[in-house]
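The structure appears below as structure tokens.
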Amino acid sequence: MELLGLDEIRDLLGGISKQRATIIVGRKGFPDPLATLKMGRVWDGRSVRTWIAENRPRPVDEH
């Protein structure tokens with residue numbers, strides 16, 4: 001199982017700001033965290049990657 005924290009999710013979303021990532025992970029429809037630890041929330045990587053693939057537009061190729 002792959003676990004992701006907010007910083008890993010920020011990287012998957014293209015290096016967005018911590019503030020922007022916090023807004024995104026708090027939206028309805030984003031996977032619920034599996035747990036909240038002292039270091040913060042952790043999510044299932046597969047669920048997050050699926051959500052990103054289905055909900056975030058990909059950059060347009062510049063050819």
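At-a-glance table
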| read-out | value |
| --- | --- |
| Separation of the A35 and R49 label points, Cα + 7 Å toward Cβ, nm | 2.1 nm |
| Surface share of carbon and sulfur [accessible, 1.4 angstrom probe, percent] for the chain | 49 percent |
| Estimated distance in nm for a label pair at K18 and V42, the labels positioned 7 Å out from Cα along Cα-to-Cβ | 2.0 nm |
| Options (i) 45, 22, 22; (ii) 47, 15, 12; (iii) 52, 23, 16 - which one matches Cα extents along the principal axes in Å as calculated here | (i) |
| Whole-Hz ³J(HN,Hα) from phi, Karplus 6.51 cos²θ - 1.76 cosθ + 1.60, for the stretch 24-33, glycine and proline x | 5, 6, x, 6, 4, x, 6, x, 5, x |
| Local net charge near R46, Cβ-Cβ under 15 Å (Lys/Arg +1, Asp/Glu -1) | -4 |
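The values are calculated or read from the model by the stated rules, or taken from the named source; none is laboratory data. Keep in mind the model is a prediction, meaning the values are calculated, not measured. Every residue, glycine as well, gets a Cβ built from its backbone with ideal geometry; the counts of neighbours run over all protein chains shown. Surface areas here come from the heavy atoms of the whole protein model, side chains and all, with no ligands, DNA or RNA. Shrake-Rupley method; radii C 1.70, N 1.55, O 1.52, S 1.80 Å.
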